[in-house]
Amino acid sequence: MNTTTPQHKIGSGFGAESTAEDVLAGLDLSGRLAIVTGGYSGLGLETTKALTGAGAQVVVPARRPEAAREALSGLDRVEVDQLDLGDLDSVRGFAERFLASGRTVDFMIDNAGIMACPETRVGPGWEAQFATNHLGHFALVNRLWPAIERGGARVVSVSSRAHHFSGMHWDDVQWQHGYDKWQAYGQAKTANVLFAVHLDRLGQGSGVRAFSLHPGGIMTPLQRHIPREEMIERGWIDENGTVLSPQGFKTPAQGAATQTWAATSPQLVGMGGVYLEDCDIAGTAVEGEPTGVKAWAVDREQAARLWDLSAELTDVNAFA
């Protein structure tokens, strides 16, 4: 089975201003289970709120479980467990505890991430953005595969328009020969798209489909590593710290909409392996335009190459 989905809009009826609640209107997710990494902050928190509001049970793996429990207090059908995506032992521990519960995953949303941080090394010297945003999620999904496969789940890889900044630096994936925080972030976000492309190819025979997406520009704690002066220079905020609307920033509820739609929408049944934006399948990127998906991010050969590299680095591959 090898069903490819064209990378063009399907006319979902939703758009940039739709919220996570909007895309779930009329859907009853009772009895369904979602795992949302980073589901206690920013877009993840809005995603968790929307999914539980529609009746789903949500498991939130968190690097800071106490902070997560505080952020999620008052929400029904939520549980928190320890997970540090930059630590493969932590990833294995979370996966083993979840699998031991015997439960099934219906929606897997790889939402957690770091952006444009100073050069940081984790594990065996891996560049932190690639390790956390991509390798940690790669290992997590592969370790959870029995529960994901049982559920015929949708796996949602939260990428970004920042994948336009950089394709894969195959000759120096870990940025050991000169570090650029934005290029490194771009590579990690390209990896998120490539991961969904190949996972969809491997998983669709089991009824598992995968998507990647750009959530939109949103001011969240993701920006914590970016100096105020740089945000002013980029035109994101003014001197007083006010977010500038011409940049087209979404609210967190709007930013969470595309990943929520990707995970749950009946409109996407039978589809997969594509990059989404503004609650629809995106078109291919045109030179000089900020929208759409770059060819390097949906290249099937590069997706397979990244999968093999990731399996080698993490020593985990559910399909080996």
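The values are calculated or read from the model by the stated rules, or taken from the named source; none is laboratory data. Just so it is clear, the model here is predicted, and its values are computed rather than measured. Heads up, the Cβs are rebuilt from the backbone with ideal geometry, glycines too, and the neighbour counts pull from every protein chain shown.
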Taking the stretch 40-81 only, how many residues are over 19 Å from Met115 (Cα atoms), out of contact with any strand residue (DSSP E or B) (no Cβ under 7 Å at 6 or more places or on another chain), surrounded by fewer than 23 Cβ atoms within 10 Å (Cβ to Cβ) and not acidic (Asp, Glu)? 9
When only residues in the stretch 145-161 that are part of a helix (DSSP H, G or I) and either at pLDDT 95 or above or out of contact with any His (no Cβ under 9 Å at 6 or more places or on another chain) (or both) count, which is nearest to Ala56 (Cα to Cα)? Gly151
If you check Glu312, Glu289, which single one turns out to be in a helix (DSSP H, G or I), surrounded by fewer than 18 Cβ atoms within 10 Å (Cβ to Cβ) and free of Cβ contacts under 8 Å to residues at least 40 places away in the same chain? Glu312
Among residues of the stretch 275-312 being over 24 Å from Asp171 (Cβ atoms) and of a type in the set (A, V, I, L, M, F, W, C), the residue modelled with the lowest pLDDT is Val286
Residues Trp182, Trp175: which one is under 16 Å from Trp126 (Cβ atoms) and either among the aromatic types (Phe, Trp, Tyr) or at pLDDT below 95 (or both)? Trp175
Being at negative phi and loosely packed, with under 15 Cβ neighbours inside 10 Å narrows it down to one of Gly15, Gly31, so name that one. Gly15
If you check every pair at least six apart or on different chains, which have Cβ atoms under 7 Å apart with a residue in the stretch 74-96 that is among the aromatic types (Phe, Trp, Tyr) first and a residue that is assigned to a loop (DSSP other than H, G, I, E, B) second? Phe94/Leu83
